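The values are calculated or read from the model by the stated rules, or taken from the named source; none is laboratory data. Values in this document were obtained by computation on a predicted structure and should not be read as measured data. FYI the Cβ positions are ideal-geometry reconstructions off the backbone, even for glycines, and counts take in every protein chain you see. Accessible surface areas use protein heavy atoms only, side chains included; no ligands, DNA or RNA. Shrake-Rupley method; radii C 1.70, N 1.55, O 1.52, S 1.80 Å.
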Amino acid sequence: MVPAFTAARAYAAVQAQAQSLGQAASAGMADAAQGPGFGDMLKGVLNDTIASSRQAEQLMTAQVQGKANLVDVVTAISSAETNLQTVMAIRDQVIAAYQQVMQMQI
């Protein structure tokens, strides 16, 4: 079961990604009638997860060197962990949907 906070964070991330892609579409970068694709949103969420993990790693390194506050490090690690849990929840849902499609009779 996915915690409510993780689900809310995943929804907010996908919604923000959809809005940014929608703005890009209205600016002429893509067909405005088509809208953002699922793959584009998924790619954006994955990039955000990777970025938060890298930021947490950088803060850990800086804290070991005595240049960062411990509270900031813990906050960054918690954020990266939540992002990773979000990606794992999305992955689990995609796998479940794929399995349901594969079990359908033609």
How many nm is it between the label spots at residue 88 and residue 62, if each spot is 7 Å from the Cα in line with the beta carbon? 2.7 nm
Residue separation times 0.36 nm, minus the C-alpha to C-alpha distance between residue 102 and residue 81: what's the value? 4.4 nm
Largest to smallest accessible area among 106, 90 [probe 1.4 Å]: 106, 90
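What FRET efficiency, computed as 1/(1 + (r/R0)^6) with R0 = 22 Å and r the Cβ-Cβ distance, is obtained for residue 95 and residue 40, rounded to the nearest 0.05? List each step's numbers first, then the result.
On the way: r = 20 Å, r/R0 = 0.91.
For residue 95 and residue 40, the calculated efficiency is 0.65.
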